[in-house]
Amino acid sequence: MAYEFDFSLINPANMKVLGEGMVVSLEITLTGVLVGIVWGSILAMMRLSSVRPLSWFAEAYVTVCRSIPLVMVLLWFFLIVPQLLQKTFNLSAATDLRMTSSLIAFSLFEAAYCSEIIRAGIQGVSRGQLFAAQALGMHYGQVMHLVILPQAFRNMLPLLLMQGIILFQDTSLVYVSALADFFGRAYDIGERDGRTVDMLLFAGLVYFVICFFASRVVKRLHKKAFI
Amino acid sequence: MIEINNVSKAYGAFQVLTDCTTQVAKGEVVVVCGPSGSGKSTLIKTINGLEPIQKGEILVNGTNVCNPKTNLSKLRSKVGMVFQHFELFPHLTITENLTLGQIKVLGRSKDEATDKGLKLLERVGLKTQADKHPGQLSGGQQQRVAIARALSMDPVAMLFDEPTSALDPEMINEVLDVMVELAREGMTMMCVTHEMGFAKKVAHRVIFMDEGRILEDTPKDEFFGNVDQRTDRAKQFLSRILHH
């Protein structure tokens, strides 16, 4: 009953194609994490703001994003954003905007998750720190930028990195827009050679190895940060 | 210097401050005492607008703290404040703690700020700790750095919110010594504290609060010398903290 894995699939030509796919996956992950943290910080501060409309907007944004499956958001963006961009910038219908729309979708979605982590991080910094910074005469922006956020980020870095690892796994969902990420490429090769199962097993192993070691690193960081 | 006129404040239905009126003149040292929950800390935090008030007005150096048009940040930069739990910035070194406000708020150059910061650090006897982080210092040392940080802004007055309450007994004096020295140099000070020895030594007036009201606002000699004239509540409080 043993399944015969076709090791000949692991050849240089296939690896090159898979490597290109990995670059796409990493590109989406990195963009998602970076934009997610920046936009997420802004959302978190809006949510904590005493200006009602701002905090309502942020709360609604986060609730909506957390209540809809990511794959649906990706599909919507895949269907809507290209048309929108083509109309706004007068691009020809042939321009490939799958990558752009995926990047936008992931970034906006990721920001919702990051903002909740960041909000908890900000609230975890004691109120006395806020008072001390204000008592020195800092205005709100300085208080946040110089005193609260650096401490909050130090506390939540492990959580944000973990979220990044989850995002890396979620990038495989871009297959709905037929974008050739690592997973998509592996699937394509499998279909072409009639060895889909082998390629998917291999792709799964790669995801596992990367995420496993990344989480180990994060765990170590976590221990360091809390000593 | 500081004028508090008919100040009232409530958290929802809970009245924290009721009709408080007092003033601190330039160069005066006023000690505020009273049982916990009497509103002392809240009162002192209203002076630089950290706690907003609902009624009354507060003037600091002629500026109305409660006027929405007042630049609160600017006003706070002129009033030093020391907290019960020190509140040094844990992610910065001692030197950075001492220079952050000077550079970012007062616009001083880094060299000028460092120079000033180190001088103050020497004054509180901690020059050798300049490159450490707050977590590496004892509570008493942290509080002395916090006083130096407040002084680095060249304040016109200093507010102390129970500066020794979170300290181990053997560290209380090193902080009080710095405060006594400051008082003798003529700094305008308002101190929430239970250290009656400190009050006897340097205070001009003692304010006694209970349940959000100022029950006594008396010259020091009168407060400690003529105990029979005190309100019953103050007598009770004094007898509890003085005879242990």
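The values are calculated or read from the model by the stated rules, or taken from the named source; none is laboratory data. Since the structure is predicted, the reported quantities are computational estimates derived from the model, not experimental observations. Neighbour counts run over all protein chains shown; Cβ positions are idealised from the backbone, glycine included.
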Task: Filter result for A:D170 (farther than 25 Å from A:A60 by Cβ and either among the polar types (S, T, N, Q) or away from every other protein chain (no Cβ under 14 Å) (or both)) - done: no
Task: Members of segment B:82-116 that are under 21 Å from the mean Cα position of the chain (by Cα) and of a type in the set (D, E) - done: B:E87
Open item on the list: I need a count of the residues in segment B:91-111 that are more than 8 Å from chain A (Cβ to nearest Cβ) and more than 20 Å from B:L159 (Cβ to Cβ).
Closed with: 12
Open item on the list: Please go through segment A:166-215 and give me each residue that is closer than 21 Å to A:Y113 by Cβ and either among the charged types (D, E, K, R) or in contact with a strand residue (DSSP E or B) (Cβ under 8 Å, 6 or more places away or on another chain) (or both), ordered by number.
Closed with: A:D170, A:D181
Open item on the list: Taking the condition of being small (G, A, S) and within 14 Å of chain A (Cβ to nearest Cβ), how many residues in segment B:34-51 meet it?
Closed with: 2
Task: Within segment B:1-50, strands (runs of 3 or more DSSP E) holding 2 or more residues that are surrounded by fewer than 20 Cβ atoms within 10 Å (Cβ to Cβ) - done: B:2-11, B:14-24
- [ ] Mind listing whichever residues of segment B:54-81 are in contact with a Leu (Cβ under 7 Å, 6 or more places away or on another chain) and assigned to a loop (DSSP other than H, G, I, E, B)?
- [x] B:V65
TODO: Only residues that are in contact (Cβ under 8 Å) with a residue 12 or more places away in the chain and at the interface with chain A (Cβ under 7 Å from one of its Cβ atoms): list them for segment B:66-90, please.
DONE: B:S73, B:R76, B:S77, B:M81, B:F83, B:H85, B:E87, B:F89, B:P90
Task: Elements of type helices (runs of 4 or more DSSP H) in segment A:132-227, at least 2 residues being exposed (fewer than 14 other Cβ atoms within 10 Å of the Cβ) - done: A:182-193, A:196-225
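Conditions tested, residue by residue: (1) in a loop (DSSP other than H, G, I, E, B); (2) without any contact (Cβ under 8 Å) to a residue 60 or more places away in the chain; (3) within 15 Å of B:C33 (Cα to Cα).
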position: B:M179; (1), (2), (3): no, yes, no
position: B:H194; (1), (2), (3): yes, no, yes
position: B:T218; (1), (2), (3): no, yes, yes
position: B:D221; (1), (2), (3): no, yes, no
Task: So B:T114, is it more than 13 Å from chain A (Cβ to nearest Cβ) and among the hydroxyl-bearing types (S, T, Y) - done: yes
Open item on the list: Could you list, ordered by first residue, the pairs with Cβ atoms under 8 Å in which the first is in segment A:78-97 and of a type outside the set (G, A, S) and modelled with pLDDT under 80 and the second is loosely packed, with under 10 Cβ neighbours inside 10 Å and not in a helix (DSSP H, G or I), at least 6 apart or interchain?
Closed with: A:Q86/A:S92; A:Q86/A:A93
Open item on the list: Quick check on segment A:112-131: of everything there that is facing chain B (nearest Cβ under 9 Å) and polar (S, T, N, Q), which residue is surrounded by the most Cβ atoms within 10 Å (Cβ to Cβ)?
Closed with: A:Q129
TODO: Being among the aromatic types (F, W, Y) and farther than 30 Å from B:G62 by Cβ is the filter here, so list the residues in segment B:78-123 that pass it.
DONE: B:F86, B:F89
Task: Failed criterion for B:K119 (all others in (1) over 21 Å from the mean Cα position of the chain (by Cα); (2) within 14 Å of chain A (Cβ to nearest Cβ); (3) not aliphatic (A, V, I, L, M) hold) - done: (2)
TODO: Could you list all residues from segment A:65-75 that are touching a residue at least 24 places away in the same chain (Cβ under 8 Å) and within 16 Å of A:I104 (Cα to Cα)?
DONE: A:C65, A:L70, A:V71, A:V73, A:L74, A:L75
- [ ] Please verify whether segment B:124-134 includes one or more residues that are within 13 Å of chain A (Cβ to nearest Cβ), over 21 Å from the mean Cα position of the chain (by Cα) and surrounded by fewer than 22 Cβ atoms within 10 Å (Cβ to Cβ).
- [x] yes
Task: Some residue of segment B:186-195 being within 29 Å of B:L126 (Cβ to Cβ), more than 14 Å from the chain's Cα centre (by Cα), of a type outside the set (A, V, I, L, M, F, W, C) and surrounded by fewer than 20 Cβ atoms within 10 Å (Cβ to Cβ) - done: yes
TODO: Can you run down the residue pairs with Cβ atoms below 7 Å, 6 or more apart or on separate chains, where the first is in segment A:143-162 and touching a residue at least 24 places away in the same chain (Cβ under 8 Å) and facing chain B (nearest Cβ under 9 Å) and the partner is crowded, with 18+ Cβ neighbours inside 10 Å and of a type in the set (A, V, I, L, M)?
DONE: A:Q151/A:V125
